[in-house]
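Read-outs throughout are calculated quantities, based only on the coordinates presented, and are distinct from any laboratory measurement. From a predicted model like this one, the values you see are computed outputs, not experimental measurements. Because the Cβ atoms are built from the backbone with ideal geometry, glycine has one as well, and the counts that use them run over all protein chains shown.
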Amino acid sequence: MSKRLSDFRPVFVVGVGLHRYQKYSPTPYVALGVTAIREALLDAGVAWPEVESAFVATALLGMAPGRPMLRHLGATGLAITHVENASASGSTAFRLAAMEIASGQSDLNIAVGVDKPAMIELGSRQAGLDFLERERVAAFTHFALLAQKYAHEHGATPEDFARVAVKNLANGARNPYAQRREPKSLQEVLGAPPLAGFLTPLQSCPIGEGAAATILASEDGIRKLGIDSRRAVRVLSSTLRSERVYEDNSGFDAALTEETVRQTLAEAGVSPSALDIVELHDAFTVEELLYVERMGLCDPGDAPRRLKAGHFDIGGEVAVSPSGGLIAMGHPLGPTGLGQIAEITRQLRGEAESRQHPNAKTGLAHMVGVGAVCAAHILRREA
């Protein structure tokens, strides 16, 4: 039987930092990343030479961008691992960092994600194998079709999908790190020409640039370095899965999400009803409705009603994407999963300011990478 994170020594997030997610700018990626790292170091109260290893997540920057960035913090000889896993790159880097701490290989390390928009060549295009659909089905078309299917099965309306954007844009307006910081009404979200089907531009996440960093530590590291243990947030579980062949493969993203979240909840010994914060992969609004149901937060087809009733608001039953989610926060790829961890950490510490969900104790972070992989983590405040 494979071992779980909880079978090893405890792992804690002790520092988080971000560079605001934003539209493309002349700012070098080095400046984006170093800003996030320095904020995380300051948050943890540690110095760069005390960091034993770094996991650098990018999807768009090309080969080995970590060293030109990290050398500006000091040439300490630390181990550097580069991680690319599409939209789940940052989530995967976090998992690797957590497993290294848990196994005893280091007492303090960092996972940092940074990206800038760029033209990319997907690996599938170079595989030497032909695909029936090739690039003919764009991402927004795929999710528009899923929205149409959901509407047909559950009687959902265009307003039901748009309310996801209204909620998340309102949350993003309170977040100084978010790319979109203007709340929008239901009429404003629905008023633009659609990308496809029900989905309008504000129901799709912006792809920009930014950076996020998390510093992880063991109990030994916390004691040795004098880190404030009251602000340390424990990582209860970390799960990474890839898709299988599903009976209904049109919704493989949701099926994979259900399997991954079920596994990480079981490993953490947590029920869906115990979750206070959920940061999920809402690249398109329909994804939030699909995923909260598959995560067990509500029954199939009930997400629109609960959303409208405020159950997923900050201050509701469970705060879904209090950061603003990908819809408002943005989706620079490499940093996205780590930005979720930063938001959950701040929520569980009670440091999310105007976005604070009352009495938050347990949080779930979830990211999907091009539908092929899914990462999920559960964090808990134990102090």
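Roughly how tilted is helix 158-172, in degrees to the nearest 10 and between 0 and 90, from the longest Cα axis of the chain?
The angle comes out near 30 degrees.
Would you order LYS224, LYS149, LYS3 from fewest to most other beta-carbon atoms within 10 Å of each residue's own beta-carbon?
Neighbour counts put them in this order, fewest first: LYS3, LYS224, LYS149.
Hey, got the dipole for the chain? About the Cα centre, +1 on K and R Cβ, -1 on D and E Cβ, debye to the nearest 20?
800 debye
Give the range of the longest stretch in the chain that excludes all chymotrypsin sites (Phe, Trp or Tyr not before Pro) found in loop regions by DSSP and having at most 12 other beta-carbon atoms within 10 Å.
That gives 132-383 as the longest site-free run.
Bin by bin, in steps of 10 Å, what percent of the Cα pairs in the stretch 254-383 do you find, going until the bin that has the longest distance?
Going from the shortest bin to the longest, the percentages are 13, 50, 34, 3.
Quick one: helix 139-154 against the long Cα principal axis of the chain, what's the angle to the nearest 10°, folded into 0 to 90?
60 degrees
At ASP228 and ALA139, where each label point lies 7 Å from the Cα along Cα→Cβ, what is the point-to-point distance in nanometres?
Roughly 3.7 nm, to one decimal.
Summing -39500 (n - 2.57) over the DSSP H runs of n ≥ 4 in the chain and dividing by its residue number, what mean residue ellipticity at 222 nm do you reach, to the nearest 500 deg cm²/dmol?
Calculated mean residue ellipticity at 222 nm is -10500 deg cm²/dmol.
Cα centroids of the stretch 87-115 and the stretch 217-250: how far apart, whole angstrom?
Spelled out, the Cα-based centre of one part sits 9 Å from the other.
Kindly state, as a whole number, the per residue volume in cubic angstrom of the convex hull around the alpha carbon atoms of the chain.
Convex hull volume per residue, Cα atoms: 137 Å³.
Could you tell me how far the Cα centroid of the stretch 338-383 sits from the Cα centroid of the stretch 256-276, in Å?
Result: 13 Å between the Cα centres.
If we sort 74-86, 103-115 on the protection proxy, mean other Cβ atoms within 10 Å, highest first, what's the order?
Peptide ranking by packing, descending: 103-115, 74-86.
In degrees from 0 to 90, rounded to the nearest 10, what is the angle of the helix 252-268 Cα long axis to the longest principal axis of the chain?
Helix 252-268 sits roughly 40 degrees off the main axis of the chain.
Determine the dipole magnitude for the stretch 273-363: charges of +1 sit on the beta-carbon of Lys and Arg, -1 on that of Asp and Glu, nothing else is charged, the reference point is the Cα centre, and the result goes in debye to the nearest 20.
Taking the Cα centre of the stretch 273-363 as origin, the dipole is about 120 debye.
In nm, to one decimal, how far is the ALA79 label point from the ASP7 one, both placed 7 Å along Cα→Cβ?
Inter-label distance under the simple model: 2.0 nm.
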